[in-house]
There are 2 protein chains.
Amino acid sequence: MSATALLLIDLQKAFEFGEMGPRNNPDAEKNGARLIAGFRDAGLLVTHVKHDSVTPGSPLRLGLPGNDVMDYARPVAGEPAFAKSVNSAFIGTGLEATLRENGIDHLVVAGATTVHCVSTSVRMAQNLGFAVTLAEDACFSNDWTGPDGTVYLARTLHEVEVAVLSGEFCEVLGVDEILNRHT
Amino acid sequence: MSATALLLIDLQKAFEFGEMGPRNNPDAEKNGARLIAGFRDAGLLVTHVKHDSVTPGSPLRLGLPGNDVMDYARPVAGEPAFAKSVNSAFIGTGLEATLRENGIDHLVVAGATTVHCVSTSVRMAQNLGFAVTLAEDACFSNDWTGPDGTVYLARTLHEVEVAVLSGEFCEVLGVDEILNRHT
């Protein structure tokens, strides 16, 4: 028997405020909202992880407005919600135990950023034995500067990271197809 | 006090034989050999992880010639060596315990592939609290096909993944600079 849960990662207002830099996929919120509504309507487990940064100057530090979860992605009563201070949703949180207790063996993942916390969490989830579906159009990244000073655009980073994850760590699907299959 | 160890990932003959597809950075072996020699000469810990694939048809399955570690990267007596069957060098192995027992708080990472097992291990190492330096010119990737059938060249994947890791999970340096600093 297979049980699917949704995992939402770092959908926090710093990204809405533009405090993390230029991003791709402005439709991520709209797509993510449909995904959340579909899972809730189907009675599937929705789990949440947010980032309480411990990096000086980060807009994601606890207590700052940017740390707040975006309105559309806020947990409702009964939904497991965890805080982390590293990229992986599985390190320093009770997420894995909660998923096991609920018999979850398949995770649908959406959130931010594709290349950092989403990728790290997808990789670790698969390596821990969960099947993973990446809701590609409900994720986004920010521009990022490489070690030689080259600035990589969010759209490029997102696209390449999704390709790298695909087939090795997860299946990559859009929200429409995920809702068709699971709700 | 800080202690540095080298972590070599999946330097196995399937990559030498071309069984994993076209790759970038043909100098990775030459650079890696200098890195290993420098660490051994300086008396620093050299640790090894190889991949025993459980995927049907993989050239990295235990018992196949492609599973063997490349000659230049073979462990010598006393060097901790682990086998894994997922991407992360830290899942299902004794690597973390061995590093902690040896007082290691900084890892220099080299190996294959940049985007899969190296990236996953670098991400998890940093998230577990280790400082990480990626020996970029002693790593390589293979071409990879994205979810829409687009083929991404190894060189592009390697470059973008190194950029994504840089600053968030590790410092990116070449072998020359690493040897200057640590040996």
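Results, tabulated for the structure shown:
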item	result
Out-of-range pairs (alpha-carbon distance over 20 Å; input A:Lys84/B:Lys84; B:Lys30/B:Lys84; A:Lys13/A:Lys84; B:Lys13/B:Lys84)	A:Lys84/B:Lys84; B:Lys30/B:Lys84
Most mobile listed residue (B:Thr98, B:Thr47, B:Thr55) in chain B, GNM with C-alpha springs under 10 Å	B:Thr55
Spin-label proximity, B:Thr156 to segment B:86-113 - amide N less than 20 Å from point 7 Å beyond Cα toward beta carbon	B:113
Choice from A:Pro75, A:Pro56, A:Pro26 with maximal GNM fluctuation in chain A (Cα, 10 Å cutoff)	A:Pro56
Candidates A:Asn102, A:Asn25, A:Asn87, ranked by Gaussian network fluctuation over chain A, Cα under 10 Å, top entry	A:Asn102
Dipole of segment A:4-182, positive end: most advanced residue of A:Val115, A:Thr145, A:Ala14 [Cβ charges, Cα centre]	A:Ala14
Estimated inter-spin distance, A:Phe17 and B:Ala37, nm [label 7 Å along Cα→Cβ]	5.3
Segment B:88-183 shape via C-alpha gyration tensor axes, a/c threshold 1.5	oblate
Assigned charges on the beta-carbon of Lys, Arg, Asp, Glu; segment B:88-154 dipole about Cα centre (debye)	140
Dipole magnitude of segment A:1-120, debye to nearest 20 (Cβ charges: Lys/Arg +1, Asp/Glu -1, about Cα centre)	80
Of all chain A residues, the one whose C-beta is nearest the axis that brings A onto B, in angstrom	A:Val160, 2
Karplus (6.51, -1.76, 1.60) ³J(HN,Hα), θ = phi - 60°, over segment B:68-83, in Hz, Gly and Pro reported as x	5, 6, 4, 3, 5, 10, 5, x, 9, 3, x, 8, x, 9, 10, 10
Normalised contact order of chain A, rounded percent, pairs of Cα under 8 Å and 6 or more residues apart	28
DSSP bridge orientation in segment A:4-182 - percent antiparallel, rounded to nearest 5	15
Scaled radius of gyration (Cα, divided by 2.2 N^0.38 Å) that the protein assembly as shown gives	0.97
Rounded FRET efficiency, nearest 0.05, which uses the C-beta distance separating A:Ala97 from A:Asp143 and R0 of 45 Å	0.80
Value of D in µm² per second that Stokes-Einstein yields for segment B:9-62, Kirkwood Rh from Cα pairs, at 37 °C (0.692 mPa s)	255
Cα-derived Rg over Rh, computed across segment A:4-182 with Rh taken as Kirkwood radius	0.94
In nm, spacing of pseudo-spin labels at B:Ser58 and A:Leu64 (7 Å Cα→C-beta vector)	3.9
Magnitude of the charge dipole, segment A:38-100, Cβ model with Lys/Arg +1 and Asp/Glu -1, debye to 20	120
CD proxy at 222 nm, helix term only [per DSSP H run n ≥ 4: -39500 (n - 2.57); per residue of chain B; nearest 500]	-8500 deg cm²/dmol
Cut-off 12 Å between beta-carbons: net charge of the residues surrounding A:Gly129, Lys and Arg +1, Asp and Glu -1	-1
Average beta-carbon neighbours from other chains, 10 Å sphere, peptide B:169-181	1
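Bear in mind that the values in this text are calculations on the coordinates, not laboratory data. Every value quoted in this text rests on a predicted model; they were computed, and no experiment measured them. Backbone-built Cβ (ideal geometry, glycine too); neighbour counts: all protein chains shown.
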